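Working notes, beginning with the structure itself.
The values are calculated or read from the model by the stated rules, or taken from the named source; none is laboratory data. Keep in mind that what you see is a predicted model, and the values were worked out from it rather than measured. All Cβ positions, even for glycine, are placed from backbone atoms using ideal geometry, and neighbour counts span all protein chains on display. We work out accessible area using only protein heavy atoms, side chains counted, and drop any ligands, DNA or RNA first. Shrake-Rupley method; radii C 1.70, N 1.55, O 1.52, S 1.80 Å.
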Amino acid sequence: MTSLKNWLARPGTRSLLLLALLLLVALPLALDAFRLNLVGKYLTYAFVAVGLVMVWGYGGVLSLGQGVFFGLGGYAMAMFLKLEASDPQSTKIQSTPGIPDFMDWNQLTELPTFWLPFKSLPLTLILVIAVPTLLAFIISFAMFKRRVGGVYFAIITQAVALILTVLIIGRQGYTGGVNGMTDLKTLLGWDIRTDSARLILYYVCAGLLLGSIVLCAWIQKSKLGTLLLAMRDKEDRVRFSGYDVAMFKVAVFCLGAALSGIGGAMFALQVGFMSPSFVGIVPSIEMVIYAAVGGRMSLVGAVYGALLVNAGKTLFSETFPDLWLFLMAALFIGVTMAFPNGLAGLVKSHLEPWWTKRRAERKALKERLAAAQATYPDAPPPRSASKPAPAAPATLPGGVSGQSA
């Protein structure tokens, strides 16, 4: 029982439980199906923000190309859904039935070989994680082994995002081009467009996100997390201690890519399409902003950052369609200047000290009351501050009370 209380008393545990209550109870009860689906879309971006906390906040590696891994995971799931929607019966009016419509429009007569593994859902789920992780391994191994880091690595990741965007748009017959993959309807015959299906997918997304936070928190508490912080602050000292700094960076970068791939797959399921607009440089920079607003050292804060930024984008675009980009820019600049450590830094510097002080005052008051009760056991208990003592009746001249008068 004591260990449970100690576990619940940890600030990280309390913040995670509050986030779980918000995502699993409060939001589903307060929002309608459309708005809840929007929140589910925002949570898919939170996977990338959580990964950036590990890569950037703990590892000290700023990546401006996380949209690449988000897009790869999304395209992997979209390919499976597109193949299911392109059965011979549904595509019988095409020149070549049984292949996606954009392939038929581009005069392809058979399914490309690299599409074949995506006919299987279990294999697709593996590839959702494996493909982004493999690309992240290739990039990071080539760079970190040559001690390329800092701003140079950030620029390289931006270049990768640009290259993949151009590749997806240019190979329209294989990827759907600029329009992406649309008309994603079912998952193993289950219609994912209904409100009940979207509610289930929302809970799946929220559950996977909370599980990812728990996994990353466990890594932070482990020896690997300590080494990541040491490498971020004193990389040469860690290298001289005999550790392979490059491979630790590769490991955390691959972790961030895997989480981004999961987020992309959940995006394709909940939104029902995937396009290259989520792969390029602009969405990748926005994903870094999510982590910066929430706090690049806080896993839970990154989720709140993704929710706040995307909710602000939706609100501003609906209310001020001509000014919403300027308002979003003002939000980013204002938060960064006022709270350089993000929302999590604000909570840690202001809210937590106030709460700690209040708890200490309440504890000291209870101890004083207990000591007074032990010293004077026959004394009446102190009257609650919420119930003040009744005022004495007023006395009129002549010694007559106001009540008797």
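Every test in (1) part of a helix (DSSP H, G or I); (2) in contact (Cβ under 8 Å) with a residue 60 or more places away in the chain; (3) open to solvent by 60 Å² or more (accessible area, probe 1.4 Å); (4) within 29 Å of F118 (Cβ to Cβ) is passed by S212 save one, and that test is (3). Step by step: first the residues of region 290-330, then only those that are among the charged types (D, E, K, R) and surrounded by 13 or more Cβ atoms within 10 Å (Cβ to Cβ), then the one that is nearest to R232 (Cα to Cα). Which residue is that? The extreme case among them is R296. Among the residues of region 333-342, the one identified as in contact (Cβ under 8 Å) with a residue 12 or more places away in the chain, in a helix (DSSP H, G or I) and open to solvent by 50 Å² or more (accessible area, probe 1.4 Å) is T336.
The rows are residues; the columns are (1) of a type outside the set (D, E, K, R); (2) touching a helix residue (DSSP H, G or I) at 6+ places or on another chain (Cβ under 6 Å); (3) open to solvent by 20 Å² or more (accessible area, probe 1.4 Å).
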position	(1), (2), (3)
L81	yes, no, no
T96	yes, yes, yes
Q107	yes, no, yes
E110	no, no, yes
L116	yes, no, yes
I129	yes, yes, yes
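Output the residue which, of all residues in region 1-40 that are among the polar types (S, T, N, Q) and at pLDDT 60 or above, is surrounded by the fewest Cβ atoms within 10 Å (Cβ to Cβ). Checking each candidate, the answer is T13.
Here is the figure for region 257-289: residues that are in a helix (DSSP H, G or I), within 19 Å of L62 (Cβ to Cβ) and of a type in the set (V, I, T) total 5. In region 41-58, how many are within 10 Å of the chain's Cα centre (by Cα) and either among the hydroxyl-bearing types (S, T, Y) or open to solvent by 30 Å² or more (accessible area, probe 1.4 Å) (or both)? Total meeting the criteria: 3. Of all the criteria given as (1) part of a helix (DSSP H, G or I); (2) free of Cβ contacts under 8 Å to residues at least 12 places away in the same chain; (3) surrounded by fewer than 19 Cβ atoms within 10 Å (Cβ to Cβ), the one not satisfied by G242 is (1).
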